Amino acid sequence: MFACKVRDHIGDRQYERLRKILRESTGVEIGSLLSTRNFLREILHLDMVHHHRCPENHIAYCGKYERYIKCPYCNSWRFFEHSKELLPTDDLSNPVPSRPADEEDTDWLPFHHLKPNAIYHYIPLIHRLRLLYADATSSREVQTYLEDLKEKSNPNEKRDVWDGRIISSL
Ligand SMILES: [Zn+2]
């Protein structure tokens, strides 16, 4: 069922609804999305990266936004409203200032214990490449894709970035 979800782009909520319907109508227990993803992560040796994000997807709270507590585009709070009073600082500027230099700790963030409104998950590039090369079919596709594309070239058609003006000029 998880393979169908991925292949047919079934959303997480729809997947969980289908899982519940199947369980109620057939008695068959299908693993939850969380347990299935954790199982796949473990056997495939994948690491996921998690960053807090704006609920409207304007930013991920990393890089220059790491210390922000509100989205600079829509002003939505980074954390659940009831968590704001838990911030160990009265300074709610955006971004929250760093800890004083005499207590400097590179991993320190004043809100690491708070619950974010939304999280952005992604699989790092090296892990995606590892996945592509783990499967014989996708590995062959990756290795022959560009050659196949060049063979079927049509100057009047843009099929992907490889047909773009900049890449073509390289
Ligand atoms: Zn936003």
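Each reported figure results from applying straightforward, stated rules to the coordinates on display, with no laboratory input. None of the values given here were measured: they were computed from a predicted structure. We place every Cβ from the backbone using ideal geometry, glycine too, and count neighbours over all the protein chains shown.
Per-structure values
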read-out	value
Residues within region 35-58 that are closer than 14 Å to TYR122 by Cβ and either in a loop (DSSP other than H, G, I, E, B) or within 15 Å of the ligand (Cβ to nearest atom) (or both), tallied	7
Among the residues listed as SER168, SER153, SER138, the single one being more than 30 Å from GLY63 (Cα to Cα) and either touching a helix residue (DSSP H, G or I) at 6+ places or on another chain (Cβ under 6 Å) or among the acidic types (Asp, Glu) (or both)	SER138
Residue, nearest to the ligand (Cβ to nearest atom), within region 59-76, restricted to residues that are assigned to a loop (DSSP other than H, G, I, E, B) and within 13 Å of the chain's Cα centre (by Cα)	ILE59
Selection count, region 1-37, where residues are surrounded by 13 or more Cβ atoms within 10 Å (Cβ to Cβ) and among the polar types (S, T, N, Q)	1
Top-ranked residue in region 24-56 [being out of contact with any Phe, Trp or Tyr (no Cβ under 8 Å at 6 or more places or on another chain) and touching a residue at least 40 places away in the same chain (Cβ under 8 Å); ranked as nearest to ASP12 (Cα to Cα)]	PRO55
